[in-house]
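What follows draws every value from the coordinates through simple rules; no lab data is involved. Quantities reported herein were computed from a predicted structural model and do not represent experimental measurements. No Cβ is skipped: glycine too gets one built from the backbone with ideal geometry, and neighbour counts run over all protein chains shown.
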Amino acid sequence: MACNDTEKSGLEDACSGEKLSACAMAMEKERESFPSPTESPSTISVSASIQSQSNLQGYDVEFDPPLESKYECPICLMALRAAVQTPCGHRFCRNCIEKSIRDTGQKCPVDNEVLLEDQLFPDNFAKREILSLTVRCPNTGCREKMELRHLDAHLSHCKFATVQCSQCQESVWKSQLEEHVSQQCLHRLVTCPDCADRFVYAEGKLHELQCPFASVRCQYCDLELVRDQLVSHCDTDCPKAPVACTFSFFGCREKMQRSDLAVHMQEFTQMHMRYMAEHLRNQTLNGCLPSTSPLTSSSTSASTVSSSDDRGASRSANPCNCSQELHHLRETVQQLEGRLVRQDHQLRELSINNTTQASQIAELRKKHGSMEEAMHELEAQQCQGIYVWRVEGFSAHLRNQEAGHPVVLHSPGFYTGRPGYKLCLRLHLQTPSAPRCSNYISLFVHTMQGEFDSQLSWPFQGTIRLAILDQVDGQHHVEVMETKPDLQAFQRPTVQRNPKGFGYVTFLHLQSLRQRGFVREDVLLVRCEVTPRYDSSLRREGVQPRGPEPSL
C-alpha cells in the first residue's frame, strides 16, 4: 500500500511538473511575442526574416571582427541562430539542439547531462548580442558591412546579389538582370526585322537561313533580293545564271549564261534549224514506218480476210496518206533551209554594216577629240598671262594626303599671250612623312610645247607671281619669283611638258590653309600671273626674296 502511495505521489509530482513546464513554455512564448526592452519594433520587423529561419543551422556569414567562441554553436560551429540555453548553462542553436535530442538521445552534447526539449529556454541576451555583430556582405564584389539584423534588408537590394535567369537558368547580378534578360540572354525572344516572326536569340543563325523575307545575294550576279524571289530570279531573270539552249530538245547541248543566249541563238541559227529538221525527219520516219511495214500489212491482211470491201479500201489508202504527210514535211524542211540561207546573208550584211559603223564612230570620236583639243588651245591662248586654276574636290585630295598617299595635280596649259609661251602649274600636297616639307603645299611652273615656240626667244625670261586666293577675306597668299634662264626648267621643251619645274617646295602650310578661307565649296583657287621679258640683253637675276604682296 505504501508502494502504491509512493507511486501515486510520484505520478502527481510528474503531472504537476508537466503542468508547470507547459505553463512556463506558454509564458515564454507570450514573452517572446512582445518586443524586448532593448529592441525597437522596427528592429524586430527588419530581422523578422532572420528569426523566421530558426529551423536552419547557425549563421554562415563572415563576421568583422571574427566571431567570439561564446556565440558559437558547439554542434554546427556557426553563429547561434535562435539561441537557446540549457539548465547546464550551454548555448545552442534551437534547431541544432532539438535535432540532437531527437537523434542522439536526451542528453547535452557537451557534458552528457540529461536534457529534455521542454528544459530549453531562449537566450534573448545572446540573440540580441549576435544580431548586433558586424558582418560582411556574402556577395562577391560587395564590400558593405552592416549589423547581422540588417543583412537580409541589404541582400534584398544589394547590386551584387545574384539571381537565376528564368530563361537560361544562368546566375547574374540582380542589378543587371533586366539588361541580361533583354539584351544578353541567349534564350530571350527577339523579333526578325524582315518577317516580324519571333524566335529564340540562340536560333538566330538558323532563322536567317530560313527566313523567307531575308535579304540574300544571287550566287551568279551578286544582286541583293528577298529569299522568296531567289528561285524565280535564277529561273527567269538572272543574266548570269547558266541556262540550256532553247533548241536543247532538238539536240543542241550548249550551256551558257542567260545574257549570252541571244548571241548563241544568232550565231548558231543554221545549226539549230538542221537539228530541228533532223528531229522532224526522224519523227516522221518513226511515225510512218510501222503502218507501212510489210510485216504489219501481211499480218493485217491475214487477220481480216473476211472483212468488208470498205475496210479494205480504207486500209489501202493509209500508205498514200503517209506519203503525202512525208512530202509536206520535206517541203517544210526545204523552206526552213531556204530561210536559213537568207538569214545567213542578212547576218553577214548586218555584220559588215556594223563594222563600217564602228569605224565611222571611231573616226568621229577622233575628230571630236581633236576639236576639243583645239578649243582648249584657243581658250588657253586668251589668258594673256593671267590664269586662275580651280582645283575642285579638294577635300578628297586632303584625305589622300592625310592617309600618306602622294597627291600631284597638273593644271591645263595656258599662254602668256598671242603669240606667247605655254605654261602649266603643278600642285603637290606633301605627305606627313615627307622630310623637311611635311604637310606643305608645293607649287611649281612648267613650260610646255606651244603653237608659237618657233616665234619666241628662248630660254623663257620674266616675272611669275603665284597666289592661293582667300575666297572670304581677300587676304591672298602671294609669292613672286624671277626666272633663271640657266635652269633646264626655262629652256625650250622637247616633250609635251617640261619634266623640270620651278617654284616653291614650301609654298603654304596646310594648317594655314584650314585656318583661313582658302577653300570654299570644296574648291581651291590658284592664280598665276606671268610677265615675260623678250629682251635677251636684260640682266639675268637670281630668285628674289619672297614675301607677301598686297591683295590681288
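Here are the numbers:
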read-out: Interchain or long-range residues, amide H under 5 Å from residue 107's placed H; value: 115
read-out: Neighbour-limited loop hits for chymotrypsin sites (Phe, Trp or Tyr not before Pro), the range 124-215 (at most 15 other Cβ within 10 Å; DSSP other than H, G, I, E, B); value: 213
read-out: Label-to-label distance, nm, for residues given as residue 475 and residue 147 (7 Å Cα→Cβ offset); value: 7.4
read-out: Lysines with Cα under 26 Å of residue 107, excluding same-chain neighbours fewer than 8 positions away; value: 19, 29, 70, 99, 127
read-out: Computed over the range 448-537: relative contact order in percent, which uses C-alpha pairs under 8 Å that are six or more apart; value: 41
read-out: P(r) histogram, all alpha-carbon pairs of the range 382-532 included - 5 Å bins from 0, percent; value: 2, 9, 19, 22, 19, 14, 10, 5, 1, 0
read-out: Å³ per residue enclosed by the Cα convex hull of the range 69-156; value: 109
read-out: Calculated FRET value between residue 224 and residue 500, using beta carbons and R₀ = 45 Å, to 0.05; value: 0.30
